[in-house]
Structure formats: C-alpha cells, structure tokens
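To start, the structure under review is shown below, and the notes come after it.
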Ligand SMILES: *[C@@H]1O[C@H](CO)[C@@H](O)[C@H](O)[C@H]1NC(C)=O
C-alpha cells in the first residue's frame, strides 16, 4: 500500500513537472537572414513570436510586463502598435512594423524572442487574417476577464476617466477663475476646489453604466439579428461605423440632458475619443465570436486562452500566478522560468506603461463600488441568451465566473 501510494505521489509529481514547451515559432529563426529572406528590405528585421491580442482591460499590460522578465524575451520599442488593425496597408507596410522590434543583431540567433500586446486586435477580423498571412506560426495569447467586470472597467477607463480628464483640463486652463480664486485661497486651495467641484458636477452629468448597458444590449440584439453564427467582421460592422452605420444611433435612447435638483437642465457628455470602445463595452466581452475568428486564421494550437483571474496575485498567490505565466512561456516555446519573484515585485493588476494608465488605476481605487447585483444578473442573462456569440457557458466554466 505504502509503495503504491509512493508510486502515486511520484506519478503526480512527475506529471506536475512535465512541461513540454512547444517548438519556437519560425523554427526558432524569427529574423530574416541572407539565407531565408524573401526580399532585401526584410533583411535583418525580426518578426514577433507572440502577440497578446486582448481583451482590453483584461491584464494585457501586466502579462506583457511579466513575460519581459524571461531572459529569452526582448521588449518591443512600443508595447502596443495596433499595426495590423490600423496601419497595415499591404505587404509594403510590414517592414516598417518590424522596425518596432529588436533587429537581427539585437535578437541574435540563440532562440531569443520578442512580441507585442495590442488589445485592439482581438475584435478585429482583419488583424486575424493579416497576421495569419504574414506571421505564420506566431503564438496568439488571449486574456479573458469576467465580461461584466471588463465592461465596468472599460466604462471607468474609456468613458468616466476620459471625460473627467477633459473637463478637468478645461477647468485648470480657465485663467480668470484661477486668478480670482487663487487670490482668495492660494493655488492649492484653488486646485482642491476645482477638483471637488468638477467631481460633483461631472458625476451628475455622466451617463450611467446601466444606461450604456441597456442601450448596447438593444443595439447588439438588433445588429446580430439574422446573422446566424456569422463571426467574421461582425465587430467591425456593428461597432465601427462601417457600411454607413451611424455610431450615435446606439445611444439615441439615452437622454442627452437631465435636470439637476434645482431644476436646471444640464447637458450630458457623450463625446470621448474612445467612442468605439464606449460603444462596445459588452460586445468586447463576447469572446466566443472573436476568438473563433483567430482560431480560424491561425491554427487552433497556436491560440492560447488565459483567464485574467489567473493573474490575480491576491486571489491566487504569486506562486500559482507564476506557474500560469510559465504556461504561457511554454506555449511561446520558451524554457522553464520562475516568474514568481517578478509577479511578487510587479504586484497588482493594471500595471501598465501607456500614458494616462496610472490615472485610470487611481480611478479604479476611487470608484470602489462594484456592479450592482441586479445589473450583473441582467447582463449575465443577456450573455446566456446570446451564447452562440458570447460563449458565456464555455468561458465562465473555464474561468469560474459567477453566474449571479
Ligand atoms: C541593429 O540595430 C543596431 C542599433 O540600432 C545597429 O547598430 C545594427 O547595425 C542593426 N543591425 C542590423 C542587422 O540591422
């Protein structure tokens, strides 16, 4: 019996330690050398071996920065280029894109890799087909976050924070008000007063999360109607004003003004520069349709889905998070690496190097209230209703998202 138990323990230990990395993309030669370059202009340039394609607000920056700790990973000049979505204009534009990565001299021939993280790729069918054509064998990494939390995070980051940032900048730039008040309370007092005032006024002016959610659910139902299981290009068609579709139509049910407690009409603020993101707070959490497009243009085994909750050090502990990141490293084709110290040092989610990112994190802290349970239930039932697009059942089972 003891021997038998011993054998079981040995077998378990063995299987836990079994880590078979995939072979590196491009046969371990991501750079164009004289022997393999299809054209002279590509010579000395290197392809990314992995792309973290989304979802937005799901920890892509964190994962990217963790992976950089692996000794065989070199950073791109810019963490996110969104090249394949916005800047690709035929094969001639591709060498410029490779310029974002270390070149052949820098990467060497010892199996080092580089990659980027552009969360706008996931909903973009064009990005899927273009990368499928130009980066054959590249490893695709998708982070999926509870879509209700993802949507709320997007509301705060892409709408609330963007709006308040604009308004605050205008307030600070109002010279006359600044001089008047500074004379009375000094510069610090003036800034404090501005912030307090703006937060008060602008919170009342904001469109609520629920108003956006209701409008988007109606819109998605309409846009998906009659499309059967169609996936390719659906996100672009529904949310990016293609085919002559008017983006503001989606919000026509939301009153453009409201009346404050003194009976004064105040105009609400709708314009943000991330308009297409604000429009698709829920849609970008409909993972099934988006991931399927990527699976079609890349081989199934080259697409890796990871749950955002597996990056949460507070819930999982740094050791487990470290192992989960090492699974990603194995998927890219890299040797085993202990990510635990890096995870412990970098710490929380929402770590990022994008300008303005720190401000969003501050708002995350400021706005501590969670999504109202009734609103959550409404969104979850909407996701179940549209299972064919959302894959709610599949992904909630994979990642343990609560159904209520
Ligand atoms: C790579 O970049 C370095 C630094 O910019 C440069 O010195 C080197 O010549 C480049 N190598 C190739 C192969 O282009």
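All of the numbers you see were taken from the coordinates with simple rules; none came from a lab. This is a predicted model, so every value here is computed, not measured. Neighbour counts run over all protein chains shown; Cβ positions are idealised from the backbone, glycine included.
Listed by Cβ neighbour count within 10 Å, with the fewest neighbours leading, 160, 113 appear as 160, 113.
One decimal place: the segment residue 327-residue 82 gains 85.7 nm when fully extended, by the rule 0.36 nm per residue minus the C-alpha distance. Counted by neighbouring Cβ atoms within 10 Å, the residues 208, 308, 20, 105 run from fewest to most as 20, 105, 208, 308. Judged by the gyration tensor of its Cα atoms, with axes a ≥ b ≥ c, the range 51-97 is oblate; a/c meets the 1.5 cut and b/c is at least as large as a/b. Between residue 264 and residue 134, the FRET efficiency from the beta-carbon distance, with R0 = 51 Å, is close to 0.35. Relative contact order of the range 50-150: 51 percent, from C-alpha pairs under 8 Å at least 6 residues apart in sequence.
Highest mean packing comes first when the peptides 217-229, 321-333 are listed by Cβ atoms within 10 Å, giving 321-333, 217-229.
Averaged over residues, the count of other Cβ atoms within 10 Å places the peptides 130-136, 255-261 in the sequence 130-136, 255-261, highest first. Shown for 23, 153, 65: other C-beta atoms within 10 Å of each C-beta, ranked fewest to most, produce the order 23, 65, 153.
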